[in-house]
Amino acid sequence: QVIKCKAAVMWEANKPFSIEEVEVAPPKEHEVRIKIVATGICRSDDHVITGALVMPFPIILGHEAAGVVESVGQGVTLVKPGDKVIPLFIPQCGECSSCLSTKGNLCHKNDIGAPTGLMADGTSRFTCKGKVIHHFLGTSTFTQYTVVHESAVAKIDSAAPLEKVCLIGCGFSTGYGAAVQTAKVDPGSTCAVFGLGGVGLSVVIGCKAAGASRIIAVDINSDKFATAKELGATDCVNPKDFKKPIHEVLVEMTGQGVDYSFEVIGHTETMTAALASCQYNYGVSVIVGVPPAAHKITFDPMLLFTGRSWKGSVFGGWKSNDAVPKLVADYMNKKFVLDPLITHTLPLTKINEGFDLLRTGK
């Protein structure tokens, strides 16, 4: 039956979240209804609010979470009620060309490129005050209950602490995977990470895990340097401390530029700066931050002609359903830490305060 619960609804752009009672319909065929236990706040959610990432309103945002299966629709075999799960904003249908390719992970059933904000059958499972509320990236986790397609849910270790591993639903996996999966950082290499939010710090963790000998953390907020160092950064650089462009600073620090650079902010200027800061012949630069809508990049093509590679990385390059349970297992086996990435814990009712903390870099 229909579940009534609390959710943070975004009625229109550039307004605060409104905590509302919503109705969550039961799961249809091949769908799963999940009780959300913990959800992270990600900059991509904020991009929707500001209009940098265009989505239909009204909408329930949130895409980084962990919870427990409440009920399943007809034909669902992968999970059952009571299972601990992580919703996947990049699904894994196992049938499209990206799922079938060893090189790809951006399943064609994603709702990023041309977002509808609806389930596969073209309808929503959320209503509020008689109005249809849109889904976000097929997940919508800023609610006590949500409905996802079975290709967008991963069953995880029943002993996993949901309030920590929810980060594996987006931020951690995205950053860590950009280093170990997309860039394939080698031991002894030099890396630069632009942006030290949760995802940028996860890139630092990934570079360290891959054996990088030098990890240069770059941010205009020096308050973030202590955590970056704790997680493996060897140098911290604030571009505001220099008169010259940051890529020149990094080339001077390293002799020829870094082997790998990562842009984890989502600004076109820093994307080109990250490209220019990597070694001119075999350097690899990875775009991890969500690019803002309607922005274009202009750069000197000589930057690429000399041999650099420019890559994008969605969800760290991981095939979601295959990778998420393994990443949770690695966390349980203490292969990496998540605790330093969690700065604040708030109830859902204080979600607007959470976004204020995000926007002020706290």
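The values are calculated or read from the model by the stated rules, or taken from the named source; none is laboratory data. Keep in mind that this is a model prediction, so the values were computed, not measured. Cβ sites come from the backbone with ideal geometry, for glycine too, and all protein chains shown count toward neighbours. Please note that ligands, DNA and RNA were not included when accessible areas were found on the heavy atoms of the full protein model with its side chains. Shrake-Rupley method; radii C 1.70, N 1.55, O 1.52, S 1.80 Å.
Could you grab the relative contact order for the chain? Cα pairs under 8 Å, six or more apart, rounded to a whole percent.
Relative CO of the chain lands at 17 percent.
Averaging the sequence gap over all C-alpha pairs within less than 8 Å and six or more residues apart, then dividing by the number of residues, gives segment 183-312 a relative contact order of 22 percent.
Ranked by the mean number of other Cβ atoms within 10 Å of their residues, highest first, the peptides 210-222, 267-279 come out as 267-279, 210-222. Using a probe radius of 1.4 angstrom, the carbon and sulfur fraction of the accessible surface of the chain is 55%. Note on segment 174-317: Rg/Rh from C-alpha atoms, Kirkwood Rh, equals 0.92.
Going through (1) 87, 69, 44; (2) 67, 51, 38; (3) 64, 39, 36, the figure that equals Cα extents along the principal axes in Å as computed for the structure here is (3). The residues of the chain expose on average 43 square angstrom of accessible surface per residue, using a 1.4 Å probe on protein heavy atoms.
Comparing Pro91, Pro245, Pro27 in a Gaussian network model of the chain where C-alpha atoms under 10 Å apart are linked, the largest mean-square fluctuation is found at Pro245. Shape index of segment 24-100: Rg/Rh, with Rg the Cα radius of gyration and Rh the Kirkwood radius from the inverse mean 1/r over Cα pairs, equals 1.01. Of all DSSP beta bridges confined to the chain, the antiparallel ones make up roughly 60%. Helical runs (DSSP H, four residues minimum) scored at -39500 (n - 2.57) apiece and divided by the length of the chain put the mean residue ellipticity at 222 nm at -6000 deg cm²/dmol.
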